[in-house]
Amino acid sequence: MDDLTNFQKKVLTLLYKEMLCRMDTLPPDKANFFINSNYVRDLIMSDVSNEYIAEQCWKLKSRGYINCSPGDNLANNIEIEDKTIIYFENSFNRNMSAITNFLLKLK
C-alpha cells in the first residue's frame with residue numbers, strides 16, 4: 001500500500017472494518033458490497049464531499065484495491081479486492097483494536 005495516500009489507506013481500512021462487522025450477520029459476498037460512493041461517504045466519512053469519495057474510489061480501483069463500476073458520477077457496486085483483504089488479514093488478523101490503532105495513526 002505504499003502507492004496510496006493516507007486518506008486512501010483510511011478509506012480502505014474503514015471499508016475493511018465495516019466488512020468485518022457485517023460478516024457477523026451476512027455472508028462474505030454481501031458483507032463486501034457497498035452500493036455506491038455516496039453510501040460509503042455516509043457510512044464512514046460524512047465530513048468529506050461525495051465527489052471526493054467517488055474520486056478516491058476511482059483511484060483505488062485504478063490501483064487494484066477495490067472494484068467498482070461507473071454511473072451517475074458515482075462509484076457503484078464497490079467491493080474490496082482480494083489483494084486488499086489479504087493485506088489486511090496479514091496486517092491485523094481481524095483484530096478490531098489493531099485496525100482502530102492503525103486508523104488513529106493515519107490522521
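The values are calculated or read from the model by the stated rules, or taken from the named source; none is laboratory data. These numbers come from a predicted model, not from an experiment. FYI the Cβ positions are ideal-geometry reconstructions off the backbone, even for glycines, and counts take in every protein chain you see. The accessibility values were calculated without ligands, DNA or RNA, using every heavy atom of the protein model including side chains. Shrake-Rupley method; radii C 1.70, N 1.55, O 1.52, S 1.80 Å.
Which one is farthest from Asn36 (Cα to Cα), of the residues in segment 53-66 that are open to solvent by less than 30 Å² (accessible area, probe 1.4 Å) and part of a helix (DSSP H, G or I)? Once the filter is applied, the top-ranked residue is Leu60.
Residue count for segment 33-52, restricted to those that are in contact with a strand residue (DSSP E or B) (Cβ under 9 Å, 6 or more places away or on another chain) and either in a helix (DSSP H, G or I) or farther than 18 Å from Lys10 by Cβ (or both): 9.
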